[in-house]
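The values are calculated or read from the model by the stated rules, or taken from the named source; none is laboratory data. The model shown is predicted, which means the values in this text are computed figures rather than measured ones. Backbone-built Cβ (ideal geometry, glycine too); neighbour counts: all protein chains shown.
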Amino acid sequence: MTSVFSSVQSLTISFSIILSLSNALLVAQTPTGTVTTSDGGTREVLESIFIPPLPHAPFSLTLETEWKRPLANNGSYTLANKRRIMRDSAGRIYQERWALVPKNGKVQSEMDYIQIADPTDHTLYNCEIAAKRCYLLAYAGSTTTVYKQAVEASGPLPDGNGYHNHEDLGHDNIAGLDCVGYRETTTVNPGVFGNDQPAVIVREFWYSPQLGINLLSKLDSSQIGKQLFTVRDINTSEPDSQPFKLPEGFAVIDQRAIQSRNN
């Protein structure tokens, strides 16, 4: 049960959209060089669905994301976006990153990054649209690695910290693909991480064995709110090769040496 408890302790994750919820991030500089600052706030990162570099299982899809956040007055606000994801038969992965914006609001989402991962060359390009730069990193994904879903047997957490409950939800058909459903509920006792009430985290997901991804994924957490990831417009034909090429006119900045030193 260690992996379940670790996921409760760490809610940060890899590259995605950073939500700035602090006035400290809204730094205003006057013509005289004076900088206005303030304290407090937080920065959070949304974890999207995991795409493994699975070979011989191509697809293209649109992923819809909704993140419903709680407010202190029992209200809520919802952020949303849509983005394209593709994987070819070689296991290469193309992903677009679009800004999360208020659902049904006036702000239009914009694409800020493109990511291209190649498990054969072990390269990951993070291409920043505004700067027209692609940052080259080492990619650890492999076509020979077995990627397993994070399911755990029901039972108590270590050191009496709470309890985890696993449920098999059976089979369903989503977009013509057979899926297996699971629900994982983790209850963390008061005082484990400074919480004065039990913290409950519920993950429900419907996994496609054919594609190795979740076609529907839900997270309900007393800490971060509700997240919903829904796959739309899925096509299991080989995608066009053009998106897997670097965008024309973008400079490449190799950061693998820096990455290696930091690791």
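Limited to segment 69-86, what total is found for residues that are at pLDDT 95 or above and under 16 Å from PHE229 (Cβ atoms)?
8
Suppose we filter GLN197, GLN223 for residues that are of a type outside the set (D, E, K, R) and either under 24 Å from the mean Cα position of the chain (by Cα) or on the phi > 0 side of the Ramachandran plot (or both); which single one remains?
Of the residues listed, the single one that is of a type outside the set (D, E, K, R) and either under 24 Å from the mean Cα position of the chain (by Cα) or on the phi > 0 side of the Ramachandran plot (or both) is GLN223.
Could you please tell me which pairs satisfy a Cβ distance under 8 Å, a separation of 6+ or placement on different chains, a first residue in segment 102-117 that is free of Cβ contacts under 8 Å to residues at least 40 places away in the same chain and over 30 Å from ALA140 (Cα atoms), and a second residue that is surrounded by 19 or more Cβ atoms within 10 Å (Cβ to Cβ) and small (Gly, Ala, Ser)?
Taking only residues 6 or more apart or on different chains, not a single pair turns up.
Report, ordered by the first and then the second residue, all pairs with beta carbons closer than 8 Å, sequence separation of six or more or different chains, a first member in segment 77-101 that is in contact (Cβ under 8 Å) with a residue 40 or more places away in the chain and buried (at least 20 other Cβ atoms within 10 Å of the Cβ), and a second member that is basic (Lys, Arg) and outside any strand (DSSP E or B).
LEU79/LYS103
Can you find even one residue in segment 164-182 that is touching a Lys or Arg at 6+ places or on another chain (Cβ under 7 Å), crowded, with 19+ Cβ neighbours inside 10 Å and either within 16 Å of LEU246 (Cα to Cα) or charged (D, E, K, R) (or both)?
no
From the list ILE174, ILE129, which residue is of a type in the set (A, V, I, L, M, F, W, C) and either free of Cβ contacts under 8 Å to residues at least 12 places away in the same chain or touching an Asp or Glu at 6+ places or on another chain (Cβ under 9 Å) (or both)?
Unique residue meeting the criteria: ILE129.
What tally of residues in segment 86-124 results from selecting those that are part of a strand (DSSP E or B), more than 17 Å from the chain's Cα centre (by Cα) and farther than 30 Å from SER76 by Cα?
Residues flagged as part of a strand (DSSP E or B), more than 17 Å from the chain's Cα centre (by Cα) and farther than 30 Å from SER76 by Cα within segment 86-124 amount to 2.
In the list ASP159, ASP233, ASP220, which residue meets the criterion of being among the acidic types (Asp, Glu), loosely packed, with under 13 Cβ neighbours inside 10 Å and either at pLDDT 95 or above or assigned to a loop (DSSP other than H, G, I, E, B) (or both)?
Being among the acidic types (Asp, Glu), loosely packed, with under 13 Cβ neighbours inside 10 Å and either at pLDDT 95 or above or assigned to a loop (DSSP other than H, G, I, E, B) (or both) holds for just one of ASP159, ASP233, ASP220, which is ASP233.
Looking at ALA140, is it under 20 Å from the mean Cα position of the chain (by Cα), assigned to a loop (DSSP other than H, G, I, E, B) and under 20 Å from ARG92 (Cβ atoms)?
Yes; evaluated as a whole, the condition is true for this residue.
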